[in-house]
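Following: one structure in C-alpha cells, then a few remarks.
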Amino acid sequence: MLVYVLLFFPVALSFGFFQTFFNEAFYKGDFVDVMYEFAVFEIPMHIDEDLRAQYLLEDEDVENILRSVFDKADLALVIDSFITEIKNATVDAEGDLELRFPLKWLTNKNDLVADELADLYISKLDKCSDDIEDFDGEKACLPVGFSKMDVKSKLKSSLDIGLLSNVPDEFGYTVSLPSFFEGNLFLFFRNLMNVFFLFGGLLLAFVLMLIALIVNSPKIRVLKWVSKTVFFAAFIFVLALLTFLFLPKNLVSESAAIYSRFYSFMMSSLLKEVSYYLFPLLFVSFGLWVYGIIADKGKHKYDL
C-alpha cells in the first residue's frame, strides 16, 4: 500500500498541474483579477531608486498611477498575447527558440503615464525660496512665476525623452535548447506529459495487480484491499493539498499577505480541478471498501 501511495502522489499532482495550469481558460476571469492586484503591489518595489528620488515617488504613488492608467482589460490582453506566443513557440533546427512579446499596450499609454507622473510630482512641489528663472526637471521646488502647466509641459517632455521613449514596442529574446526540442515546444511538452500520465497510470495499475495477486482469494477480499489502497492514496493526497493550501496563511506576515493570497488562489484552483476526479474516486473506493468489509465480515470479523 505504501508503494502505491508514494507513486500516486507525483502522478496525481502532475495531472492536477497539467489540467489546471496548461488550460488556457484558467488564465482568464479570476486569474486576471488576482494577477492585477499582485502586479500593482509588486511593480513599485522594482522602481529604480534614482528615479524615485528624482520624481519624489513613494510605493503608494506608483500604485495609484498604475491603477489610474492601466486597467484589468490591459492585463488580460498581455496575458492573452503571452499565451498565444507560448502556444506558437517553435524551436528551429539549430535549437534556437525566439520569443517576442508586444509592449504596445504600454507604449500606447506613454502620454497618460507622463501626465499622471507630472501631476503627482508637481503636487509635491513648494514655491522656490530663491530666484530660479527656469525649470530643468530636477529642482525640488516650483520656480517663482512658473505656472504648474508650464512645469508640467517641461517635465512631460523630459519624461518622454528620458524614460518612456526608451520602452520598445516589442520585447524579444532567444533561448538555445537541445536540438531534440525541434518543433512546437508547447506540443512537445503536452505529448511528454501524456506519455508520463500513461506510464504512471500503468504503473499504478500494476501495483494494484500485485496487491490482488498477494491477497489472491476470495475475490471480495481482493476488492476490499484494492479499494482500501486507492482510498487511502487519494485521501492522503487531498489532505496534503489542503495542508499546502491553508498552512502558509499562518506563517506569513501582514506585509506578505498579497503573496499569500496569490499562492492561495493558485492552490485552490489546483484543488478545485483535481476535486473533479479525486472526490468521485474517494467516494467510490470508500464505498467498495466498506462493502468489502461487510461482505467479508463472516470470515474475518476484525480485519479492516
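The values are calculated or read from the model by the stated rules, or taken from the named source; none is laboratory data. Please read these numbers as outputs of a predicted model, since none were measured by experiment. Counting neighbours? That spans all protein chains shown, and the Cβs are built from the backbone with ideal geometry, glycine included.
In this structure, Val32 does satisfy being more than 18 Å from Asn110 (Cβ to Cβ) and within 23 Å of the chain's Cα centre (by Cα). For the residues Glu37, Glu85, Glu24, the requirement of being more than 25 Å from Arg190 (Cα to Cα), at pLDDT 85 or above and not aliphatic (A, V, I, L, M) singles out Glu37. Here Phe9 qualifies as over 16 Å from the mean Cα position of the chain (by Cα) and of a type in the set (Phe, Trp, Tyr).
For (1) polar (S, T, N, Q); (2) within 26 Å of Ser268 (Cβ to Cβ), each residue gets a yes or a no:
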position	(1), (2)
Val32	no, yes
Glu58	no, no
Val69	no, no
Thr84	yes, no
Glu98	no, no
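Within segment 268-286, residues that are of a type in the set (D, E, K, R) have Cβ atoms under 7 Å from residues that are surrounded by 12 or more Cβ atoms within 10 Å (Cβ to Cβ) in these pairs: Glu273/Gly16; Glu273/Gln19; Glu273/Thr20, counting only partners at least 6 apart in sequence or on another chain.
Residue by residue, here is whether (1) in contact with a His (Cβ under 8 Å, 6 or more places away or on another chain); (2) free of Cβ contacts under 8 Å to residues at least 60 places away in the same chain; (3) surrounded by fewer than 12 Cβ atoms within 10 Å (Cβ to Cβ) holds:
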residue	(1), (2), (3)
Asn184	no, no, no
Leu187	no, yes, no
Met193	no, no, no
Leu198	no, yes, yes
Leu202	no, yes, yes
Leu208	no, no, no
Ala212	no, yes, no
Pro218	no, no, no
Val222	no, yes, no
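Only one of the listed residues (Lys297, Lys301, Lys228) is out of contact with any strand residue (DSSP E or B) (no Cβ under 7 Å at 6 or more places or on another chain), modelled with pLDDT of 90 or more and not aromatic (Phe, Trp, Tyr). That residue is Lys228. Look at segment 79-95: where a residue is part of a strand (DSSP E or B) and a partner is surrounded by 14 or more Cβ atoms within 10 Å (Cβ to Cβ), sitting 6+ places away or on another chain with Cβ atoms under 6 Å, you get Thr90/Asn184; Val91/Leu97; Val91/Leu177; Val91/Phe181; Val91/Glu182; Val91/Leu185.
Residues that are over 16 Å from Phe186 (Cβ atoms) and surrounded by fewer than 16 Cβ atoms within 10 Å (Cβ to Cβ) within segment 88-102 comprise Ala93, Glu94, Gly95, Asp96, listed in sequence order.
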